[in-house]
1. For a Förster distance of 30 Å, can you work out the FRET efficiency between the beta-carbons of Asp283 and Asn94, rounded to the nearest 0.05?
2. By how many nm would the segment from Arg272 to Ile321 grow when fully extended, if each residue of separation counts as 0.36 nm and the alpha-carbon distance is taken off?
3. Could you put Met100, Met223, Met138 in order, starting from the residue whose Cβ has the fewest other Cβ atoms within 10 Å?
4. Label point 7 Å out from Gln259 along Cα-to-Cβ: which residues of the range 272-294 have amide N under 17 Å?
5. PRE reach from Lys421 (point 7 Å along Cα→Cβ): which of the range 319-352 fall under 19 Å by backbone N?
6. Can you figure out the FRET efficiency of Gln364 with Ile200, using R₀ = 45 Å and their beta-carbon distance, to the nearest 0.05?
7. How long, wide and thick is the range 113-242, going by the Cα atoms along their three principal axes, in whole angstroms, largest first?
8. Please list, in chain and number order, the residues 5+ apart from Ala238 or on another chain whose amide H is under 5 Å from its amide H, with Hs placed from the backbone.
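No lab work stands behind these numbers, since they all come straight from the coordinates. The model shown is predicted, which means the values in this text are computed figures rather than measured ones. Counting neighbours? That spans all protein chains shown, and the Cβs are built from the backbone with ideal geometry, glycine included.
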Amino acid sequence: MLKNLFAKFKEMMVFSRTEWMLARRYLKGKRREHFISVISLFSLLGILLGVATLIIVMSVMNGFRQEMLTRILGINGHIIVHSRSNTAMPNYKNVAETIMTNNTARKEIENIVPLTEGQVMLGANGRSTGGMVRGVYMSDLAKYPLVKKSLFGTTFEQVEPHEVIIGQALAQKLGLGVGGEITITSAKGNVTAFGMMPRIRSYRIAGLFDIGMYEYDSTFVFMPMEASQVYFNMPSSASHIEIFIKNPDDSARTKQLIQVILGPDYRVMDWRDLNSQYFNALDVERNVMFIILTLIILVAAFNIISGLVMLVKDKGRDIAILRTMGLSRNGVMRVFFFAGAYIGVLGTAIGSTAGILFCVYIEQIRKGLQSMLGLNLFSEEIYFLSKLPAKIEAGEVITVVMMALILTFLAALYPAWRASKLDPAEALRYE
């Protein structure tokens with residue numbers, strides 16, 4: 001049964017030169033068929049825009065996810081270890097040694113970085129903003145690839161205990177530069193006879209970094225470990241330790257291993273636990289946008305159906321004459337199927353090409369539109385990134401193209417089938 005159906009379909013798909021010529025002629029239309037030609041044009045534009053928009057949106061969503069993942073993992077550890085009581089870790093060196101004594105864990109781990117961390121108020125030049133101070137050994141900070149690549153104004157070895165490194169966006173917000181003074185205020189200060197007094201100290205800016213993620217560039221301050229321990233009143237202690245592993249995608253298994261090694265006194269989390277809201281939101285938005293934009297292609301496919309049905313009705317006399325001249329039912333079906341499939345193939349080809357080119361030059365297009373319209377189309381404060389990302393995945397492009405072609409081919413089948421079932425005698429009788 002299936003073999004016979006496949007043979008019949010294969011026979012139907014063999015186009016003759018005459019059938020190709022007739023299909024192209026019907027698509028062009030004459031003056032009295034202008035309305036049908038307009039419907040075909042709009043069907044073509046609908047498929048073109050649907051395919052292009054779907055490729056662009058999916059690529060941008062992929063780019064957002066990739067950029068955020070790269071930057072989050074570039075400035076944060078893959079696995080975080082806290083004390084279960086959320087207190088300081090005076091034995092952080094022993095914790096690191098305990099982890100590294102396990103042979104299995106040692107094979108997975110690249111670096112272990114102790115940190116002191118606290119929320120503060122940052123001020124300079126009469127301006128103030130909230131921020132995050134991270135105390136870290138400068139030798140360990142040099143292992144953060146994004147910070148190392150974007151650091152300017154100093155080197156890690158040159159940073160003194162009274163100096164800090166801040167983000168470029170934070171420096172612009174406070175009107176600072178290399179060599180300037182920034183005031184750091186912590187609510188967790190010293191206990192006096194008058195109560196808790198905030199701790200306020202000034203530090204010289206040794207250098208700036210710009211990793212391209214506004215959330216970090218506008219809030220983070222890196223301070224030498226010893227100076228941060230003094231500032232936060234945590235002598236010889238760390239807030240937590242961050243662990244960098246060789247395969248971030250395998251963090252769940254390594255996290256469980258480290259939890260077993262350290263026991264219940266410590267809380268171990270990986271980057272998925274800490275950033276699940278970001279990536280869950282992106283995945284949901286990506287799936288919803290795919291469904292919504294697919295409807296554009298579906299609407300265009302319905303336009304093909306309506307346009308071809310009207311074309312079949314208008315060409316009833318021509319179909320009858322062709323049948324009397326010897327053209328088979330399959331031949332008639334092939335003529336109108338090709339007319340609809342041509343719209344789908346052409347629209348998909350142009351749309352996919354336009355979508356890919358748009359993604360390749362998306363940042364240049366954004367800047368051009370911003371200069372023309374005088375609007376900020378991509379705010380760093382909202383999207384956390386300094387440029388509009390796009391990542392084209394071949395598998396997704398192929399999926400979009402195949403989906404568009406299948407929908408348009410299916411849309412062309414019904415009008416073509418109706419044309420093949422037209423009775424020549426009745427068509428000539430009513431003309």
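1. Calculated value: 0.15.
2. Stretched out fully, the Arg272 to Ile321 stretch lengthens by 10.8 nm.
3. If I rank by nearby Cβ atoms, fewest first, I get Met100, Met138, Met223.
4. From the range 272-294, the list is 272-276.
5. Residues 319-320, 323, 328-338, 340 fall inside that zone.
6. The formula returns an efficiency of 0.45 here.
7. Here the Cα extents, ordered largest to smallest, are 47, 34, 24 Å.
8. Met89, Tyr92
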